[in-house]
Amino acid sequence: MPAPTLIGHQRIADSLWRMVSEGRLPQTLLFAGQAGVGKTTLARHLAAGINCSIGPGKPCGDCSPCQRILAADLSKQEYRKILADRRKLPAAKRSENPLIVATHPDVLIFPPDGPMRIIGIDQARLLRNQARLSPSEGRRRIFVIKNAERANSEAANALLKTLEEPAPNLTIILTSVNPYLLPATIRSRSIPFYFDALSPAEIEIFLNTREDISDSLRKQVGAWSRGSPGVALSIDVAEFLARRKAMLALVRTALAKGEFVQLASEMDAIARKQAESIDVLAEMLSSLLRDLLRLHLKVKDGLTHRDIATELAQLAGQSTFAWTERAVAALDMLEQLQQTNIQKQIALEAYALSMRK
């Protein structure tokens, strides 16, 4: 079997392989970049290469350690179902069985859990207890904390204690969409690597490896993904179009009224009607508004929604750059409030208040 292919981020990967081969891999790494661009994927490749039967180095993809470690792909349907099912569980049930993904005893992945998608204290305690153990099969233990900025204050404090007393054969990899939401004490103990979105050519290569995306949709899905393989895999075209239609209607209404004041309650109503989360709708709305900003700046290349470029140009003509920029900034604030575990209604009211100003 050929070695597994890693699409994109080759400079980062080459630096890490060199550290592994020279035996100087840091004990804490921070992988930062937009959602779904391959941070956790590279973490799995790194873990596989470290514990490869013929390594350490790049993973061969053929030995048992490589196959088991690389199998922990959270984009697979089986893991998506597990995460979705856990969001329906009461907090006490989730606390009894902290979320961890492990297909190899020395490689543990800690994803955000529950309806608020946070890293909780129970997961952090489990990580701390596991950090005391030596490798059972491989050369080194690798812990991956996915979306580490979603750790609540208790979990962040527990994580900091683990980082302050690192085990000799352990590397912790933090992935983050917004690393500046992490406490400075955690960032200061991490070696950062910043991940760009994949280029259109790299996204095309990635989508051509996927049999679950039809040929007729690959080009369009690639544009909608904004250089993120994870986003591309999560797109259900019918749901995407329905969500976009609802958010376009919201923008038209806001433009007709000249304000976004009622956006919070209207988004909440749409979320309830379509059984979707506020953050998913806010992300769609943000992508539309950012396209409007590009059109205001006369930048037509790189539109996420270029299949409706004419309609977006009409909306851009009805708005001002300042108005659109303020709406985008407020949406960014809403996202940050949700990531810090603020209750949804409080976050929405704060958003509405910021738009009234």
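Every number here is computed from the coordinates shown, using simple stated rules; none is lab data. These numbers were taken from a predicted model, which means no experiment stands behind them. Don't worry about glycine lacking a Cβ; one is built from the backbone with ideal geometry, like all the others, and counts go over all protein chains shown.
Comparing region 181-235 with the 2.2 N^0.38 Å rule of thumb, its C-alpha radius of gyration ratio is 1.53 (two decimals). Once the chain from Asp307 to Asp73 is taken as fully extended at 0.36 nm per residue, the excess over their C-alpha distance is 81.2 nm. Cβ-to-Cβ counts within 10 Å put Val299, Val144 in ascending order as Val299, Val144, the fewest first. Annotation: region 10-196 has a Kirkwood hydrodynamic radius of 16.5 angstrom, from the mean reciprocal C-alpha pair distance. Working from label points 7 Å from Cα in the Cα-to-Cβ sense, the Ile191 to Lys88 distance is 4.4 nm.
Ile142 sits among other residues whose Cβ lies under 11 Å from its own Cβ, and their net charge, with Lys and Arg +1 and Asp and Glu -1, is +3. Taking the chain as a Gaussian network, where each spring joins two C-alpha atoms under 10 Å apart, which residue of His45, His296, His104 fluctuates the most? Top of the fluctuation ranking is His296.
Taking label positions 7 Å along the Cα-Cβ direction at both Val280 and Glu165, the computed distance is 4.2 nm, reported to one decimal. Starting from the Cα of Gln220, step 7 Å toward the Cβ, then list every residue of region 227-255 with an amide N under 14 Å from that point. Only 235-245 fall inside the zone, counting backbone N under 14 Å.
With both labels modelled 7 Å from their Cα along Cα-to-Cβ, the Ile100 to Arg24 distance reads 3.2 nm. Counted over region 93-237, the DSSP beta bridges are approximately 25% antiparallel. Dividing the summed -39500 (n - 2.57) terms of all DSSP H runs of n ≥ 4 by the residue count of the chain sets its mean residue ellipticity at 222 nm at -17000 deg cm²/dmol.
Taking a point 7 Å out from the Cα of Ile7 in the direction of its Cβ, the residues of region 178-203 whose backbone N falls within less than 16 Å of it are 196-203. Residues whose amide H comes within less than 5 Å of that of Cys52, counting only those at least five positions distant or on another chain, are Gly57 (H built at 1.01 Å from N in the peptide plane).
Rounded to the nearest 0.05, what FRET efficiency is calculated for Glu204 and Arg132 with R0 set to 45 Å and r the Cβ-Cβ distance?
0.50
Using only Cα atoms, tell me the angle between helix 237-257 and the longest principal axis of the chain; keep it within 0 to 90° and round to the nearest 10. Its long axis makes an angle of about 40 degrees. Looking at region 121-174, the trypsin sites (Lys or Arg not before Pro) that sit in a DSSP loop and have at most 12 other Cβ atoms within 10 Å of their own Cβ are Arg132.
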